[in-house]
1. Considering the stretch 24-43 alone, what residues qualify as being of a type outside the set (D, E, K, R) and within 13 Å of residue 88 (Cα to Cα)?
2. Tally time: how many residues in the stretch 111-130 are surrounded by 10 or more Cβ atoms within 10 Å (Cβ to Cβ) and either in contact with a helix residue (DSSP H, G or I) (Cβ under 9 Å, 6 or more places away or on another chain) or farther than 12 Å from residue 90 by Cβ (or both)?
3. Without any contact (Cβ under 8 Å) to a residue 60 or more places away in the chain, part of a helix (DSSP H, G or I), among the acidic types (Asp, Glu) and exposed (fewer than 12 other Cβ atoms within 10 Å of the Cβ): is that true of residue 20 in this structure?
4. Do you know which residues across the stretch 40-74 are in a strand (DSSP E or B), modelled with pLDDT of 85 or more and either over 14 Å from the mean Cα position of the chain (by Cα) or farther than 14 Å from residue 15 by Cβ (or both)?
5. Looking at residue 77 and the list (1) of a type outside the set (Ser, Thr, Tyr); (2) assigned to a strand (DSSP E or B); (3) at pLDDT below 90; (4) surrounded by 11 or more Cβ atoms within 10 Å (Cβ to Cβ), which single condition is not satisfied?
Amino acid sequence: MKTEPKGKVLIAATIENLDDLFMVRKGLLSADEVRRAEVRDAMVDTFALAHSMPKRLIERLGLRPARMRRAWISAGDRAVQVYDAVRLTIQGRDCTSDVTELPDDYPVLIGQTSLSALDFVVDPPGRRLVGDPAHGGEPMIDMYDLRD
């Protein structure tokens with residue numbers, strides 16, 4: 001029996017081409033033509049900020065390169081390709097997220113920026129995502145009143 005490394009959180013996620021979704025809204029594409037990936041084993045990475053995907057999934061979704069960015073990895077910093085945004089859906093909550101490229105032997109990584117936008121936190125003992133208890137588990141957006 002294979003054992004999972006302690007603390008590793010794997011989740012199901014749906015990732016959709018945001019441009020395709022806009023085309024559906026405009027009546028130029030049918031909903032069943034939207035390029036999407038159903039991922040059963042996306043890894044939550046609370047040390048990373050970005051939402052990252054293997055190159056093969058980026059190509060399958062037809063995402064376009066948007067810009068290069070510097071990224072810090074364990075071996076130092078390097079340039080990474082950032083692609084156009086996708087709609088990321090986890091446990092019925094969705095957000096828009098840029099995507100950074102990973103080699104094909106990596107899993108989909110869900111970083112802190114997406115977790116925050118979805119208002120999820122990691123339950124380490126349960127190795128799962130839960131709605132932020134500070135918000136009663138319900139999705140909420142933190143906003144600031146600049147008049148204060």
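1. Hits for the stretch 24-43 are 37, 39, 42.
2. 12
3. No, not satisfied.
4. Result: 44, 65, 66, 67.
5. So the condition that residue 77 fails would be (4).
Residues are listed down the side, and each one gets a yes or a no for (1) touching a residue at least 24 places away in the same chain (Cβ under 8 Å); (2) out of contact with any strand residue (DSSP E or B) (no Cβ under 6 Å at 6 or more places or on another chain); (3) under 20 Å from residue 121 (Cβ atoms):
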site	(1), (2), (3)
43	yes, no, yes
54	yes, no, no
60	yes, yes, no
63	yes, no, no
85	yes, no, no
89	yes, no, yes
92	no, yes, yes
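The values are calculated or read from the model by the stated rules, or taken from the named source; none is laboratory data. Note that the structure is predicted; figures quoted are calculated from it, not measured. Glycine gets a Cβ as well: all are built from the backbone with ideal geometry, and neighbour counts include every protein chain shown.
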